Structures are given as C-alpha cells and as structure tokens.
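The values are calculated or read from the model by the stated rules, or taken from the named source; none is laboratory data. On a predicted model such as this, the values are computed, not experimentally measured, just so you know. Glycine gets a Cβ as well: all are built from the backbone with ideal geometry, and neighbour counts include every protein chain shown. We work out accessible area using only protein heavy atoms, side chains counted, and drop any ligands, DNA or RNA first. Shrake-Rupley method; radii C 1.70, N 1.55, O 1.52, S 1.80 Å.
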Amino acid sequence: MGGRVMAAEFYDTLEARDPALREAALMAALPHQVANARQHTEAFAALLAEVEPDQVRSRAALARLPVTRKSELLARQQAVRADGGRGAFEPFGGFSTIGWRGLKRDTGARRVFQSPGTIYEPEGLGRDYWRVGRALHAAGLRAGDLVHNSFSYHLTPAGAMMEGGAEALGCTVFAGGVGNTELQLQAMAELRPHAYVGTPSFLKILLDKAAEQGQPLSVRKALVSGEAFPAALRDWCVERGVTGFQCYATADLGLIAYETSARQGLVVDEGVIVEIVRPGTGDPVPEGEVGEVVVTTLNPDYPLIRFGTGDLSAVLPGSCPTGRTNLRIKGWMGRADQSAKVRGMFVHAGQVAEVLRRFPQARRGRLVVEGEMAQDRMTLRVETAGAVPEGLADQLAVALREVTKLRGEVAFVAEGALPNDGKVIEDLRKFD
C-alpha cells in the first residue's frame, strides 16, 4: 500500500498505535465489558449465562459468543412493551445499564431517542458520547469552525451525535435539522458556515438550490452519513467547492468507521471491535470476503456484545496510507437482511407488512428502492385481485409515509405478478 499520502494530523495518539498494542488493549478491555453486560443488563445475563467473562480474551473466544441482531433487540423491546406494565418497566429491552426514575436502572441517561422500528436508544453522560469527533477531525473540521448540522434533532440521535463530536472539537454548531431548504440556505448565506454535516442527498439539494438562486456557499468541507456516498456524488461536490468525507455510524453503536484523505475504505473507530461474519451466522469470514458487520462496543452504558448491524462490508488488507493503523473496511456494501436505508432512514420488512395489513385488498407487496446520485425513490408494488378500489393508492401512500416516515409511490400489479422469492424489500440501487 506504499507510503503515506500526507503528513496526517491525528485526532489523538490512539490512531497511530502499533496494531499489536491496540489489539492487546482491546482484548484486555473485552472481558470487563462482557462481565459488565452480564452483571448489569437482563438481556445479556440471559444471552451470556453460560459464558465465563474472564475467558473472553481473544477474537476467537469472542467469535464463540452469540450474535444479537437489531431484529432481536427490537423484539425484546416490543415484548416488554406488550407486557403492559405487569413486569418491570424497561423500554430498552434489558440491554441498557442506565435510565431514569421509574426504571430498574434509574440514573445516568441524558437523552433517549427513537429510531424506526420502533427502537429506543439511551444516551449517557460524557464528552463526545458517540465518539464522532474523530470522524469530523478526519474530514478536516477544526476548533473555531462553524458547522451547519442538517441531521435530524427530532426523535433520532443523528443531530445530537454530530453536535457532541463538533463540540468536542471546539466547533460552533448551527442546528439546521432536516427540510426547510429555503430557510437553511438563508442561514448559510447569513452565517457563512465553514462545514456541513448531514446526509449527502440533502447536501446535493442545497448545492443545487444555491446554484439555481445564484447564491455562493461558504461551506468547503463536509462529513456525510446516513446514506451511500458514491464516488460520482463525491466528485460532483468537489467540483462545486465542497470536499466531503463519509462516516459509518448507527444509533445503537455510535461511530463505527470513518473515511480519511487516503480515500481507501473506512478506518475503524478506536472504541469498538469490528468483525465481518457470514450473513445469518456468527462465523468470521476470511479477510476480503464480504459479510455482515458485527460490532462489540466498549461503551459501559449500552454494552452491545457482538451486535449484528445487518450491513455488508469487507476488510481491506494493510493499513491506511495516512498512517492510521486500525483495521479498515470497504464501507457500506448493501444489507444482509430484509431492510434498506433510504434517505438516511432504515426501512424494515416488518414496516412494509404493517402497511399491507391495514388494507385487506392488498394481497402481497414489495417495496422497491431505486435511484442514483443520492436521489432515492421508493415504490410499493401491490398485488390486488380484480378492480382497484378508488382512492386505495392514496391511502396506501399515506400509510407508507406514516409507518416509514418516508414518501413513496404506489403501483398496482396483477395477482401473482410479484416473484415468489420471499423478498419484501428489493434494493435496485448500485454503489461503487
């Protein structure tokens, strides 16, 4: 992989550690986190009941533990909610060691978020709680920058995640949130921010609208996430004066990996242990083989052990030319499960089923996701028998938006026209 592409300015000394020292530190921390999860969460007390924490001191030992996938976390949360208060009130399904008054764990939560599914996630106390500062620094943001934050501050944690990282860097943040394009452009014109954080699709919308209005933008650097950031869109932004980098983060885990100036995959964050496993199993795949990203976080408040993200990726050989020495992954390469990320929001197969359940006339359905250059389009294809009742398309579209929080079109097909392959969500987008 040759020499360094630049004299990198690291966020901290952890980024350039000897890989053997990093691995030793991670494996030394691992048994303590397993013990913490077993002792302080009901979910892992059950999942790891037969595990001796002190024996989990290697990746081989870690690989023998069960994988907990997002669907299982959701199911545990739903089971507690369905209990109707007869048992202990535990909105996090027994995975959190923190909470508020009235919960079994009654202190330590600064915020609580809701993600599509519906899944609730806690945020504890502490500086840069989601560890996003490292990714912002790699994207070129520095103390004193004004950052226009166009991630949502409503329900989901993305806005707070980015703000916490920017604050740790010493940046000032404008809380733009999502939508309201005209008002956000007005704020950009009047405040002159140095940087943008948000989805790549909204950055494109802002740049297009600014050009249409003849409004120059002061933004020159960006950290984007929540969607694929293909090279074509990255280059398109550079041509318009904005150098963008991407990071891979989730509402459950915080930062997982981030892009550097080398543009060679994503470097794994220092606060997590990443494995790539064969989809549907917990078995690690050989280096370079595509599989599901499984993450163990060292966060004591929400100690997710072998959490299956449902995302596909692969390990890149060697180390980053910038001098960062941690593991690298290729980036997001699709979904391992029946879900898709559309305009920064996950859509699950269960949500599609919920929409169809509301309408007896809808026999079967499939959500098709298409688009390029961050212009995602959703179409719900629905089988019906006989004539389509008047107004059904509009009703389905409204229900789709209510359940997924995303707009989509509805198209009717004849009964039996959809393939009999079990797919509920079909993602036809292509990413390089």
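Of the residues in the stretch 241-253, how many are in contact (Cβ under 8 Å) with a residue 60 or more places away in the chain and within 18 Å of Trp332 (Cβ to Cβ)? Give the steps one after another, and end with the answer.
Looking only at the stretch 241-253, we keep the residues that are in contact (Cβ under 8 Å) with a residue 60 or more places away in the chain, and these are 243-249, 251-252.
Of the ones still in play, those that are also within 18 Å of Trp332 (Cβ to Cβ) are 244-249, 251-252.
Final tally of qualifying residues: 8.
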Any chance the stretch 90-106 includes a residue that's assigned to a loop (DSSP other than H, G, I, E, B), of a type in the set (Val, Ile, Thr) and open to solvent by less than 60 Å² (accessible area, probe 1.4 Å)? yes
Go over the candidates Arg81, Arg110, Arg76 one by one and state the one that is in contact with a strand residue (DSSP E or B) (Cβ under 7 Å, 6 or more places away or on another chain) and not in a loop (DSSP other than H, G, I, E, B). Arg110
Return the residue satisfying two criteria in turn: it lies in the stretch 389-411 and is open to solvent by 60 Å² or more (accessible area, probe 1.4 Å) and not β-branched (Val, Ile, Thr), and of such residues it is nearest to Gln114 (Cα to Cα). Lys405
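With the condition kept exactly as written, say whether any residue in the stretch 64-74 is acidic (Asp, Glu) and in contact (Cβ under 8 Å) with a residue 60 or more places away in the chain.
Kept after step one, since they are acidic (Asp, Glu), are these residues of the stretch 64-74: 72.
Next, only the ones that are in contact (Cβ under 8 Å) with a residue 60 or more places away in the chain stay: none.
Within the stretch 64-74, not a single residue is acidic (Asp, Glu) and in contact (Cβ under 8 Å) with a residue 60 or more places away in the chain.
Across the stretch 412-432, which residue is modelled with the lowest pLDDT among those that are surrounded by 14 or more Cβ atoms within 10 Å (Cβ to Cβ) and more than 18 Å from Arg343 (Cβ to Cβ)?
We begin by selecting, within the stretch 412-432, every residue surrounded by 14 or more Cβ atoms within 10 Å (Cβ to Cβ); these are 412-413, 418, 423-427, 429, 431.
Still in the list and also more than 18 Å from Arg343 (Cβ to Cβ): 412-413, 418, 423-424.
Numbers: Phe412: 95, Val413: 93, Leu418: 86, Lys423: 65, Val424: 76.
So, considering only residues that are surrounded by 14 or more Cβ atoms within 10 Å (Cβ to Cβ) and more than 18 Å from Arg343 (Cβ to Cβ), the one modelled with the lowest pLDDT is Lys423.
Matching residues to (1) of a type in the set (Asp, Glu); (2) open to solvent by less than 50 Å² (accessible area, probe 1.4 Å); (3) modelled with pLDDT of 95 or more; (4) assigned to a helix (DSSP H, G or I):
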{"site": "Glu121", "(1), (2), (3), (4)": "yes, yes, yes, no"}
{"site": "Trp130", "(1), (2), (3), (4)": "no, yes, yes, no"}
{"site": "Ala135", "(1), (2), (3), (4)": "no, yes, yes, yes"}
{"site": "Leu141", "(1), (2), (3), (4)": "no, yes, yes, no"}
{"site": "Val147", "(1), (2), (3), (4)": "no, yes, yes, no"}
{"site": "Val173", "(1), (2), (3), (4)": "no, yes, yes, no"}
If I filter the stretch 206-232 down to residues being open to solvent by less than 40 Å² (accessible area, probe 1.4 Å) and in a helix (DSSP H, G or I), which single residue comes out as nearest to Arg134 (Cα to Cα)? Ala231
How many of the residues in the stretch 367-383 are outside any loop (DSSP other than H, G, I, E, B) and open to solvent by 10 Å² or more (accessible area, probe 1.4 Å)? 4
Among (1) open to solvent by 10 Å² or more (accessible area, probe 1.4 Å); (2) at pLDDT below 95; (3) hydrophobic (A, V, I, L, M, F, W, C), Ala340 falls short only on (1)
Return a yes/no flag: does the stretch 233-240 have any residue that is in a loop (DSSP other than H, G, I, E, B) and either open to solvent by 10 Å² or more (accessible area, probe 1.4 Å) or in contact (Cβ under 8 Å) with a residue 12 or more places away in the chain (or both). yes
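Just to be sure, is Gly198 surrounded by 21 or more Cβ atoms within 10 Å (Cβ to Cβ), under 20 Å from the mean Cα position of the chain (by Cα), at pLDDT 95 or above and on the phi < 0 side of the Ramachandran plot? Talk me through it step by step, then tell me what you get.
Working: surrounded by 21 or more Cβ atoms within 10 Å (Cβ to Cβ): yes; under 20 Å from the mean Cα position of the chain (by Cα): yes; at pLDDT 95 or above: yes; on the phi < 0 side of the Ramachandran plot: no.
No; evaluated as a whole, the condition is false for this residue.
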Right, Val267: crowded, with 24+ Cβ neighbours inside 10 Å, β-branched (Val, Ile, Thr) and touching a helix residue (DSSP H, G or I) at 6+ places or on another chain (Cβ under 6 Å) or not? no
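Within the stretch 348-366, track down each residue that is at pLDDT below 90 and open to solvent by less than 60 Å² (accessible area, probe 1.4 Å). First the steps, then the outcome.
Step one: list which residues in the stretch 348-366 are at pLDDT below 90, which gives 348-354, 356-357, 360-366.
Those that are at pLDDT below 90 and open to solvent by less than 60 Å² (accessible area, probe 1.4 Å): His348, Ala349, Gly350, Gln351, Val352, Ala353, Leu356, Ala362, Gly365, Arg366.
Would you mind stating whether Val173 is more than 15 Å from the chain's Cα centre (by Cα) and not basic (Lys, Arg)? Reasoning before the result, please.
Working: more than 15 Å from the chain's Cα centre (by Cα): yes; not basic (Lys, Arg): yes.
The answer is yes for Val173.
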